[in-house]
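Report on the structure given below.
The values are calculated or read from the model by the stated rules, or taken from the named source; none is laboratory data. Bear in mind that the values here come from a model prediction, so they are computed numbers and not experimental data. Note that each Cβ is placed from the backbone with ideal geometry, even for glycine, and that neighbours are counted across all protein chains shown. Side chains are part of the model used for accessible areas, which takes the heavy atoms of the whole protein and leaves out ligands, DNA and RNA. Shrake-Rupley method; radii C 1.70, N 1.55, O 1.52, S 1.80 Å.
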Amino acid sequence: MKYSLKLIILLFIFISVSCQDKKEPLGLCEDIYRPLIVNINYTDSNGKELLFGDQAKYPVDQIKIYKIIMNDIAVPLTFNINKDAKFLTINLDKVESGVFYIKLNSNVLDKISYTSKIDEKSPCKDYKLIDIKQNDLSGRYDEKNQVWILKK
């Protein structure tokens, strides 16, 4: 009985020590899902707001955002409207390059392509957005507000 108890204790110590040798946070990265998101706002060439305000050219409550999958099926993307900070927050696929569409009204459709890469500085090696293009024109990143500005 004493021999069995000592063997169990030694086995427990061995397992505990071998688990501590790993350089990863224990289960933290697997337990928390962090979506790849982008904050977007539209302005005209003079910097005037096009989505927000009483006289918005493209009212945010009428905007549609989607991606196209096989057989040309449009799948809506999840997005939130932040009226106070004046931007749309869009949940994107975690891929190195992707495409989605923003339909501002029945006559205006923008193809948005994006690139991202794995952020080696992130403890969980998550994707980080590095570029946004609107109809093949690069967007401008406002680092202070963390918003991509697209011009119309």
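Structure data summary
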| quantity | calculated |
| --- | --- |
| Top-ranked residue of region 125-136 - restricted to ones that are touching a Lys or Arg at 6+ places or on another chain (Cβ under 8 Å) and in a strand (DSSP E or B), ranked as least open to solvent (accessible area, probe 1.4 Å) | 134 |
| Qualifying position, being touching a residue at least 24 places away in the same chain (Cβ under 8 Å), over 13 Å from residue 40 (Cβ atoms) and either crowded, with 16+ Cβ neighbours inside 10 Å or over 14 Å from the mean Cα position of the chain (by Cα) (or both), among 101, 58, 66 | 66 |
| Filter result (in a strand (DSSP E or B) and without any contact (Cβ under 8 Å) to a residue 40 or more places away in the chain) within region 35-53 | 49 |
| Of all residues making up region 82-94, the number that are open to solvent by less than 50 Å² (accessible area, probe 1.4 Å) and either over 19 Å from residue 140 (Cα atoms) or in contact with a Pro (Cβ under 8 Å, 6 or more places away or on another chain) (or both) | 1 |
| Any chance residue 109 is under 14 Å from residue 42 (Cβ atoms), free of Cβ contacts under 8 Å to residues at least 60 places away in the same chain and either open to solvent by 40 Å² or more (accessible area, probe 1.4 Å) or out of contact with any strand residue (DSSP E or B) (no Cβ under 7 Å at 6 or more places or on another chain) (or both) | yes |
